[in-house]
1. Can you tally the net charge around Arg139? Count Lys and Arg as +1, Asp and Glu as -1, for every other residue whose Cβ sits under 12 Å from the Cβ of Arg139.
2. Need one number: convex hull volume per residue for region 45-133, Cα atoms only, in Å³.
3. Taking other Cβ within 10 Å of each residue's Cβ, how do Asp156, Asp162 sort, fewest first?
4. Would you please report the Å³ per residue occupied by the convex hull of the alpha carbon atoms in region 143-232?
5. For Lys186, go through the lysines and keep the ones whose alpha-carbon is under 26 Å away, minus same-chain ones fewer than eight residues off.
6. Given only helices, namely DSSP H runs of n ≥ 4 each adding -39500 (n - 2.57), what is the per-residue ellipticity at 222 nm of the chain, to the nearest 500 deg cm²/dmol?
7. Quick one: net charge of Ile29's neighbours, Cβ under 12 Å, K/R +1, D/E -1?
8. Within 10 Å of each candidate Cβ there may be at most 10 other Cβ atoms; applying that plus a DSSP loop requirement, which chymotrypsin sites (Phe, Trp or Tyr not before Pro) in region 131-215 survive?
Amino acid sequence: MIDVYYWTTPNGHKITMFLEEAGLDYEIIPINIGTGDQFKPEFLQIAPNNRIPAIVDHAPADGGQAISVFESGAILQYLAEKTGQFLPTELRARVQVMEWVFWQMAGLGPMAGQNHHFNVYAPEPIPYAIDRYTRETSRLYGVLNKRLEGREFIVDEYSIADMACYPWIVSHERQKQDLNQFPHLKAWFERIQSRPGTQRAYEIAEKMNTGPSVSDERSRAILFGQDASSVK
């Protein structure tokens with residue numbers, strides 16, 4: 001059994017997508033980031049960066065005590081290695097998958113996240129920031145679109161690279177991106193969207209989180225008002 005400390009964000013969706021595809025037994029432990037669950041001591045013991053997702057695997061491959069993993073990219077790699085699924089064993093294909101996982105972790109996720117913030121959540125519009133992150137999101141969409149030309153998936157077969165990237169494309173309209181301008185990316189997106197594992201993962205989110213992530217000033221302060229004192 002795997003405990004999944006989860007909330008309904010793109011990084012959370014990555015993990016439920018993998019678990020549904022792999023058919024692993026897991027239990028979701030909701031961490032409502034709008035109410036501050038991410039700062040509870042028991043969560044910080046396994047996720048010192050006070051961010052979801054995190055997991056605790058009670059049956060690790062080495063047969064030892066339960067192991068915890070935080071950071072979504074690390075979790076995807078851990079689960080892929082545990083199950084032998086969605087991460088190639090052949091050297092060159094494996095390298096490519098991990099390249100694109102790190103591309104998402106270092107580029108697509110952070111830039112789309114800033115796009116969300118300045119386009120949706122900022123208390124007042126800042127034209128430079130909106131333009132900066134909308135353009136950079138567009139550039140990254142272009143990179144992925146070019147990669148997907150003539151390809152069904154990012155690297156040969158469906159992998160953790162696809163699972164890492166897909167949730168960050170779901171909010172393309174909020175990111176002010178038109179998928180019709182990226183035809184290869186659009187075809188890939190629809191292909192992933194139609195997978196039963198993807199649909200099951202997103203059904204979990206729809207049942208769990210029925211309210212806005214930023215509903216009042218308190219949740220805004222929790223999500224956007226953190227500094228070094230938040231982790232003391």
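Every read-out reported here was derived from the displayed coordinates using simple, explicitly stated rules and does not represent laboratory data. Treat the numbers as computed from the prediction; the structure is a model and nothing was measured. Because the Cβ atoms are built from the backbone with ideal geometry, glycine has one as well, and the counts that use them run over all protein chains shown.
1. +2
2. 117 Å³
3. Placing the least packed residue first, the sequence is Asp156, Asp162.
4. 158 Å³
5. Filter leaves Lys14, Lys146, Lys176.
6. Values: 10 runs with 113 residues, N = 232.
Taking each H run of at least 4 residues, the total per residue is -15000 deg cm²/dmol.
7. -3
8. Numbers: sites: Tyr133, Tyr141, Phe153, Tyr158, Trp168, Trp188, Phe189, Tyr202; in loops: Phe153, Tyr158.
Passing sites in region 131-215 do not exist.
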